[in-house]
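Below you'll find the structure, written out as structure tokens, and then a few comments.
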């Protein structure tokens, strides 16, 4: 077909196009996924242990929520051609740096015997894996939304989607995880979330093509 | 673009037509003159721009958006044909270059970008790059020595390029 014919055909199909913001749709699927997970976990293990007053509980929640916010913003920007994420990367870096500082503070105040426990806790083997498992369906939902958008940097967009899903999963997992040390969170939560982002980048390269 | 989004078919066709020219030039630069795929890529990109036009955020500059789609289609083409090549991102500036400044959407972007430069540098760039004066003439008009004008142009272009780089 000749290019000017193509243009004429496309112009026939011009109709008004409503702006379709990506952020509300992403938030909606993530929230729906989170609610489903919480319901499932509540049925299986009962409601989360009552620890909402403890500082460490909020430390975990704020850390995961900040990373989720960074992941959401990055995903939204990368869903558009030409979107930039410079400022968002700094939010993620600052969040990790903040918790690293808390972890460093903890470690310095700990006796040598406690140090290993601060960093490894009781559950370091399962924590990243569980975050990954919780994140998997969330990532699927995020990808489903992203397939209708137009990302032009596929691996980066996939990583951002993975970061978002992983961080939301960490929020959910944090409700049931009884670890109290910032050192544990900055090591193993971050590892689980980073694994989600890495897998997200790999999968995004293929599934986000359009 | 804005009128096209609102449903104005004529404006939409005009936009696609103008973009087609820029894209053809861009792909020709990347693939070499006379490459058989150029026209296919132009059509594919126009189609993508049409189908994905709801992904354009009206608050953002237009050309980086259109350019990102063109670049994506080019990389997609390399991927399918099994060629591994890097496409430098700096070329965003090329779409904003002088010959495209006639087009409304691009000109709007250009004005937004240029509004960042100090007034004398902006006038200088306008004279040299858009109006087409020689550097010596433009320097005289804006009260620069020729050497200082060259430095000022270089700096301004660097600054603009930094802003448009994705």
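The values are calculated or read from the model by the stated rules, or taken from the named source; none is laboratory data. Quick caveat: nothing in here was measured; it's all calculated off a predicted structure. Cβ coordinates were reconstructed from backbone atoms using ideal geometry, including for glycine residues, and neighbour counts include every protein chain displayed.
Taking residue B:116 as the residue in question, decide whether it is modelled with pLDDT of 70 or more and part of a loop (DSSP other than H, G, I, E, B).
When the stated conditions are applied, residue B:116 passes them.
Being away from every other protein chain (no Cβ under 14 Å), modelled with pLDDT of 80 or more, assigned to a helix (DSSP H, G or I) and under 22 Å from the mean Cα position of the chain (by Cα) is the requirement here; does residue A:97 meet it?
yes
Can you name the condition, by its number, that residue A:150 falls short on among (1) crowded, with 24+ Cβ neighbours inside 10 Å; (2) in a helix (DSSP H, G or I)?
All conditions are met except number (2).
What residue, of A:75, A:107, is at pLDDT 90 or above, in contact with a helix residue (DSSP H, G or I) (Cβ under 7 Å, 6 or more places away or on another chain) and surrounded by 13 or more Cβ atoms within 10 Å (Cβ to Cβ)?
Step by step, each of A:75, A:107 is checked, and only A:75 is at pLDDT 90 or above, in contact with a helix residue (DSSP H, G or I) (Cβ under 7 Å, 6 or more places away or on another chain) and surrounded by 13 or more Cβ atoms within 10 Å (Cβ to Cβ).
Could you list, in sequence order, the residues of region B:20-38 that are closer than 18 Å to residue B:75 by Cβ and within 10 Å of chain A (Cβ to nearest Cβ)?
Once the filter is applied, which keeps residues that are closer than 18 Å to residue B:75 by Cβ and within 10 Å of chain A (Cβ to nearest Cβ), region B:20-38 yields B:23, B:24.
Tell me which residues, restricted to region A:167-189, are within 13 Å of residue A:59 (Cβ to Cβ) and part of a helix (DSSP H, G or I).
If the condition is that a residue be within 13 Å of residue A:59 (Cβ to Cβ) and part of a helix (DSSP H, G or I), then A:170, A:171, A:174, A:182, A:183, A:184, A:185, A:186, A:189 are the ones that fit.
Would you mind telling me which numbered condition in (1) over 19 Å from the mean Cα position of the chain (by Cα); (2) more than 10 Å from every other protein chain (Cβ to nearest Cβ); (3) on the phi < 0 side of the Ramachandran plot residue B:74 fails?
Residue B:74 satisfies all of (1) over 19 Å from the mean Cα position of the chain (by Cα); (2) more than 10 Å from every other protein chain (Cβ to nearest Cβ); (3) on the phi < 0 side of the Ramachandran plot except (1).
Residue-by-condition table, conditions (1) modelled with pLDDT of 65 or more; (2) part of a helix (DSSP H, G or I); (3) under 20 Å from the mean Cα position of the chain (by Cα); (4) surrounded by 14 or more Cβ atoms within 10 Å (Cβ to Cβ):
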residue: B:92; (1), (2), (3), (4): no, yes, yes, yes
residue: B:105; (1), (2), (3), (4): no, yes, yes, yes
residue: B:109; (1), (2), (3), (4): yes, yes, yes, yes
residue: B:140; (1), (2), (3), (4): yes, yes, no, yes
residue: B:147; (1), (2), (3), (4): yes, yes, no, no
residue: B:150; (1), (2), (3), (4): yes, yes, no, yes
residue: B:160; (1), (2), (3), (4): yes, yes, yes, yes
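Check every one of the helices (runs of 4 or more DSSP H) wholly within region B:1-86 and list those with 3 or more residues that are buried (at least 20 other Cβ atoms within 10 Å of the Cβ) and at pLDDT 85 or above. Walk me through how you get there before you give the answer.
Numbers: elements: B:2-5, B:9-31, B:37-51, B:62-80.
The helices (runs of 4 or more DSSP H) meeting that bar are B:9-31, B:37-51, B:62-80.
Which condition does residue A:85 not pass, out of (1) within 14 Å of chain B (Cβ to nearest Cβ); (2) free of Cβ contacts under 8 Å to residues at least 12 places away in the same chain, if it passes all the others?
For residue A:85, the failing item is (2).
Any residue in region A:8-20 that is surrounded by 14 or more Cβ atoms within 10 Å (Cβ to Cβ) and modelled with pLDDT of 90 or more?
No: region A:8-20 contains no residue that is surrounded by 14 or more Cβ atoms within 10 Å (Cβ to Cβ) and modelled with pLDDT of 90 or more.
Can you spot a residue in region A:151-166 that is more than 28 Å from residue B:70 (Cα to Cα) and either touching a strand residue (DSSP E or B) at 6+ places or on another chain (Cβ under 7 Å) or touching a residue at least 12 places away in the same chain (Cβ under 8 Å) (or both)?
Checking region A:151-166: at least one residue is more than 28 Å from residue B:70 (Cα to Cα) and either touching a strand residue (DSSP E or B) at 6+ places or on another chain (Cβ under 7 Å) or touching a residue at least 12 places away in the same chain (Cβ under 8 Å) (or both).
Confirm whether residue A:171 is under 22 Å from residue B:51 (Cβ atoms) and in contact with a helix residue (DSSP H, G or I) (Cβ under 8 Å, 6 or more places away or on another chain).
So residue A:171 does not fit the description; no.
Suppose we keep only residues that are at pLDDT 90 or above and surrounded by 13 or more Cβ atoms within 10 Å (Cβ to Cβ) within region A:21-30. Which one would you say is nearest to residue A:165 (Cα to Cα)?
The selected residue is A:30.
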